[in-house]
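One structure below.
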Amino acid sequence: MDIKSAQFVISNTDVEKCPNGSLPEYAFIGRSNVGKSSLINSICNKKNLAKTSSRPGKTQLINHFLINLDWHLVDLPGYGYARASKSQKKVFQAFITNYFEQRKQLVNAFLLIDIRHEPQPVDLSFMEWLGINQIPFSIVFTKADKLKPKAQEQNIAHYKREMLASVWEELPPVFITSSLHRTGGKEILNYIDQLNVQYRQNIEI
Ligand code: GDP
C-alpha cells in the first residue's frame with residue numbers, strides 16, 4: 001500500500017466521540033518513548049503527523065488519523081510512564097480500556113516493543129488482556145537499527161519463548177522496524193491492506 005494522504009481527524013479521551021462510520025481502524029500503542037510517534041510519522045511519510053512529545057506521558061489522548069481516505073490509524077497514549085500521577089494513570093487506563101472494549105471498527109492493534117529491552121511485565125500483561133478480550137494484535141519491534149541482526153534475532157527469540165512459556169499457544173504476527181532507517185513500515189502497511197480486504201468482505205455479508 002502506498003500512502004497517498006494522511007490527515008489528522010480528532011483527538012479525545014472519550015470513545016463515544018471517536019469518528020462514526022465503518023472505516024476499519026488500526027491502533028498503535030506501547031510504552032512511552034518506545035518510538036510510536038516516530039514510527040507513525042515514518043509509515044505515513046509525514047514529519048509531524050504524530051507529535052513526538054518532549055514530555056512523555058503528557059499527551060494522553062486517542063488520536064485519529066485518516067489514511068488514503070480509506071482507513072483510520074489511531075495513536076493511543078503511551079503507557080507505563082512512571083511520572084504520571086496515580087489518578088492520571090487510572091483515568092488513562094479507563095479510557096484505553098473503554099476504547100478497546102467498545103470500538104467496533106478496530107481491526108488490529110499494533111503493540112510496539114523496543115527491540116533492545118527484555119520482555120516487560122507491563123507489556124506481557126497488556127497482551128494477555130488483549131487476548132482475554134479477543135482483540136487481535138501484532139507485535140512491532142522498534143529501533144532495530146540499535147542492534148546488529150544477530151542480537152535482534154536473539155531478543156525476538158527470547159520474547160517468543162517468554163510468550164509461549166506464559167499463556168500463549170500461538171504467537172501473533174511480528175514486525176521489525178526502524179524509523180531511523182525507514183524499514184519495516186511497508187510490511188505493516190501491506191498487512192493492513194490485507195486486513196482491510198478481509199474486513200470489507202466480512203461487513204458485506
Ligand atoms: P513515543 O514516545 O513512543 O512516541 O516515542 P518517540 O517517537 O517520540 O521516540 C522516542 C525517542 O526514540 C526519540 O528520541 C526518537 O528519536 C527515538 N527513536 C524513535 N524511533 C527510533 C528508531 O527507529 N531508531 C532510533 N535509533 N531511535 C528512535
- With respect to residue 76, determine if the residue is modelled with pLDDT under 95, within 12 Å of the ligand (Cβ to nearest atom) and either closer than 27 Å to residue 187 by Cα or surrounded by fewer than 15 Cβ atoms within 10 Å (Cβ to Cβ) (or both). yes
- Item | Filtered residue count, the range 130-151, keeping only those that are away from the ligand (no atom under 16 Å from the Cβ) and either in contact with a strand residue (DSSP E or B) (Cβ under 7 Å, 6 or more places away or on another chain) or in contact (Cβ under 8 Å) with a residue 12 or more places away in the chain (or both) | 7
- Which residue out of 154, 93, 88 is open to solvent by 70 Å² or more (accessible area, probe 1.4 Å), at pLDDT 95 or above and over 15 Å from the mean Cα position of the chain (by Cα)? 154
- The correct count of residues that are under 22 Å from residue 37 (Cα atoms), in contact with a helix residue (DSSP H, G or I) (Cβ under 9 Å, 6 or more places away or on another chain) and either among the β-branched types (Val, Ile, Thr) or assigned to a helix (DSSP H, G or I) (or both) in the range 167-191 is 8
- Query: Given the residues 120, 105, 93, 154, which is the only one that is over 18 Å from residue 26 (Cβ atoms) and in contact (Cβ under 8 Å) with a residue 24 or more places away in the chain?
  - Reply: 120
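The values are calculated or read from the model by the stated rules, or taken from the named source; none is laboratory data. Because the structure is predicted, anything quoted here is derived from the model rather than measured. Note that we place each Cβ from the backbone using ideal geometry, even for glycine, and neighbour counts take in every protein chain shown. Accessible surface areas use protein heavy atoms only, side chains included; no ligands, DNA or RNA. Shrake-Rupley method; radii C 1.70, N 1.55, O 1.52, S 1.80 Å.
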